[in-house]
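Asks: Attaching a single structure in structure tokens format; questions to follow.
The values are calculated or read from the model by the stated rules, or taken from the named source; none is laboratory data. It should be emphasised that the depicted structure is a prediction, and the values quoted were computed from it without experimental measurement. Note that each Cβ is placed from the backbone with ideal geometry, even for glycine, and that neighbours are counted across all protein chains shown. Surface accessibility is based on the protein's heavy atoms, side chains included, excluding ligands, DNA and RNA. Shrake-Rupley method; radii C 1.70, N 1.55, O 1.52, S 1.80 Å.
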Amino acid sequence: PLGKVRVGVIGVGQRGSEAVRRLAEVPNTSVVALSDLYENRVAKSAKVLAEAGKPAPALHFGSKDEWRKLCESPQVDLVYICTPWLWHTPMAVHAMRCGKHVAVEVPAAVTTEQCWQLVDTAEQTQRHCMMLENCCYGENEMLALMLCRKGVLGDLTHGEAGYIHDCRKLYFAEDPDGHPDGQWRLEWAKQHTGNAYPTHGLGPVCQYMDINRGDRFARLTSVSSNPLGLAKTAAEKFGKNSREAKTTYALGDVNTSLMRTYRGRTILVQYSTVAPRPYTRINLISGTKGTLADYPLRIALDPKAEEWMGEKELANLKAKYTHPLWNANGEAAKKAGGHGGMDYLMDLRLCHCLQNGLPLDIDVYDTALWSSLVELSERSVAQGGKPVDVPDFTRGGWKTAEPLGIVSV
């Protein structure tokens, strides 16, 4: 148990600056250090802390190695990483080797080798490494978890997940502060296909199904559609004869992956950020007694499972099975903000566990497995959808690990 959690945040651009603001509201937690390439970013977040009446944090900026000083500081207990993807694993590994617990944005790794680095380092150093998968703390996701844990949906057989988000304009957007490194997602899209961002939809479904805690992925197959969206967007923005429009983009407009688990269940995961589709994480879980589907929220249960239940019945069921974490902290979460409150609940729960010496809801094995789809999906796509085996990052521990419980704080 840490009692009080002292946090150092690496990367205070859009996502990191929001994290600083939220962490300032978490009880018995203090942001004691900030690091970024750019002075104006750390200055903005330091001002947020000052306006909240918090002590001034140590500031690290000006070179690509300044973040290392934050990790090495004896004043920091938890390193909170909000940088571009390629930095996630190197920063997390160094932080753990410095004796710090780690919370890292999604995905935590982009290769299976990096996934193993996270697992090996966490085991060697005995430090937590949690991926900041905020969607596991969404109100509907936690409702689904309750229905699964209480047996309302019966024996689970199939799940569907996704990250469908039209980000075409974002890929070509300039950094609001004029910094030159704002298009790192675009550089990834030029070189990679597959599912670059699997965890938002996948994480909650894995928790419903006790993946890594009673079941595990056995194999995966993945296919991608043609890469048309980015070139079309570039032509509209810069002209059809522009360098941007003539660039070759590898990222398919839609990627679809399918996994089968050791216990014979299936999970479908979709990814699309360059197609004109409305936002959804899909969030579907189906069992022998019924199905929950999201966007919008719908539930169908036996003996009338051939149609979705009515509005009043749905409201009553939702009220009965609202997750205790939302019952206890929902108002504070919505006030603090962050994707409707899920971000605050994630931070609150993370810090509570560290303060009290408890296991984390998302451990390093979850962090590695969910992130591994980045490479595994691309590997399958490159082989024409050929199935690939999914590593067991728990080294057999999934057979005896306890499922995630229902927590209230």
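Asks: Conditions first: (1) at pLDDT below 95; (2) open to solvent by less than 40 Å² (accessible area, probe 1.4 Å); (3) not in a loop (DSSP other than H, G, I, E, B). Ala332 passes all but one, so which condition is the exception?
Replies: Condition (2) is where Ala332 drops out.
Asks: Does segment 229-252 include one or more residues that are among the small types (Gly, Ala, Ser), under 24 Å from Val104 (Cβ atoms) and not in a helix (DSSP H, G or I)?
Replies: Taking every residue of segment 229-252 in turn, none turns out to be among the small types (Gly, Ala, Ser), under 24 Å from Val104 (Cβ atoms) and not in a helix (DSSP H, G or I).
Asks: What strands (runs of 3 or more DSSP E) completely inside segment 264-305 contain at least 1 residues that are surrounded by fewer than 19 Cβ atoms within 10 Å (Cβ to Cβ)?
Replies: Here the list reads 266-272, 290-293, 298-301.
Asks: A further question on this structure: Can you name the residue in segment 351-365 that is of a type outside the set (D, E, K, R) and open to solvent by less than 20 Å² (accessible area, probe 1.4 Å) and, of all such residues, is nearest to Val20 (Cα to Cα)?
Replies: Cys351
Asks: I need the full set of residues from segment 239-255 which are without any contact (Cβ under 8 Å) to a residue 60 or more places away in the chain and open to solvent by 40 Å² or more (accessible area, probe 1.4 Å), in order please.
Replies: Lys240, Asn241, Arg243, Lys246, Thr248, listed by residue number.
Asks: Please specify each residue of segment 190-214 satisfying the condition of being under 16 Å from Met130 (Cα atoms) and of a type in the set (Gly, Ala, Ser).
Replies: Gly203
Asks: Turning to a different aspect of this structure: Out of curiosity, is Leu376 touching a residue at least 12 places away in the same chain (Cβ under 8 Å) and not in a loop (DSSP other than H, G, I, E, B)?
Replies: Answer is yes for this residue.
Asks: Looking at (1) open to solvent by less than 30 Å² (accessible area, probe 1.4 Å); (2) in contact with a Cys (Cβ under 9 Å, 6 or more places away or on another chain); (3) not in a helix (DSSP H, G or I), which is the only condition Thr394 fails?
Replies: In the conditions (1) open to solvent by less than 30 Å² (accessible area, probe 1.4 Å); (2) in contact with a Cys (Cβ under 9 Å, 6 or more places away or on another chain); (3) not in a helix (DSSP H, G or I), Thr394 misses (2) alone.
Asks: Given the structure, is Ala315 part of a helix (DSSP H, G or I) and either among the hydrophobic types (A, V, I, L, M, F, W, C) or surrounded by 20 or more Cβ atoms within 10 Å (Cβ to Cβ) (or both)?
Replies: Criteria met by Ala315.
Asks: Under 8 Å between Cβ atoms, which residue pairs at least 6 apart in sequence (or on different chains) link something in segment 396-408 that is over 13 Å from Gln207 (Cα atoms) with a partner that is assigned to a loop (DSSP other than H, G, I, E, B)?
Replies: As it stands, the answer is Gly397/Asn212; Lys399/Gly214; Val407/Asp361, since those pairs meet every condition given.
Asks: I'm trying to understand the selection: among the residues of segment 371-381, which are more than 13 Å from Val104 (Cα to Cα), in contact with a helix residue (DSSP H, G or I) (Cβ under 9 Å, 6 or more places away or on another chain) and open to solvent by less than 10 Å² (accessible area, probe 1.4 Å)?
Replies: Across segment 371-381, the qualifying residues are Ser372, Leu373, Val374, Leu376.
Asks: Scan segment 335-350 for residues that are open to solvent by 10 Å² or more (accessible area, probe 1.4 Å) and either touching a residue at least 24 places away in the same chain (Cβ under 8 Å) or not in a helix (DSSP H, G or I) (or both) and report the count.
Replies: 8
Asks: Let me ask something else. Those residues that are in contact with a strand residue (DSSP E or B) (Cβ under 9 Å, 6 or more places away or on another chain) and not hydrophobic (A, V, I, L, M, F, W, C), I need them from segment 104-141; list them, please.
Replies: Matches in segment 104-141: Glu105, Pro107, Thr121, Arg127, His128, Asn140.
Asks: Looking only at residues that are more than 16 Å from Ala161 (Cα to Cα) and assigned to a strand (DSSP E or B) in segment 192-223, which one is most open to solvent (accessible area, probe 1.4 Å)?
Replies: Among them, the one singled out is Arg219.
Asks: Here's a follow-up. Might you check whether a residue that is within 21 Å of the chain's Cα centre (by Cα), free of Cβ contacts under 8 Å to residues at least 24 places away in the same chain and under 29 Å from Glu18 (Cβ atoms) occurs anywhere in segment 311-324?
Replies: no
Asks: With the checklist (1) open to solvent by 20 Å² or more (accessible area, probe 1.4 Å); (2) on the phi < 0 side of the Ramachandran plot; (3) assigned to a loop (DSSP other than H, G, I, E, B); (4) not hydrophobic (A, V, I, L, M, F, W, C) in hand, flag the one item Gly384 doesn't pass.
Replies: Checking Gly384 against (1) open to solvent by 20 Å² or more (accessible area, probe 1.4 Å); (2) on the phi < 0 side of the Ramachandran plot; (3) assigned to a loop (DSSP other than H, G, I, E, B); (4) not hydrophobic (A, V, I, L, M, F, W, C), the one that fails is (2).
Asks: Read through the list (1) under 17 Å from the mean Cα position of the chain (by Cα); (2) more than 24 Å from Gly162 (Cα to Cα), then give the number of the only condition that Ala328 fails.
Replies: Going through (1) under 17 Å from the mean Cα position of the chain (by Cα); (2) more than 24 Å from Gly162 (Cα to Cα) one by one, Ala328 breaks only (1).
Asks: Considering each of Lys4, Lys44, Lys54 in turn, give the residue that is loosely packed, with under 15 Cβ neighbours inside 10 Å and either within 25 Å of the chain's Cα centre (by Cα) or over 22 Å from Ala109 (Cβ atoms) (or both).
Replies: The conditions single out Lys4.
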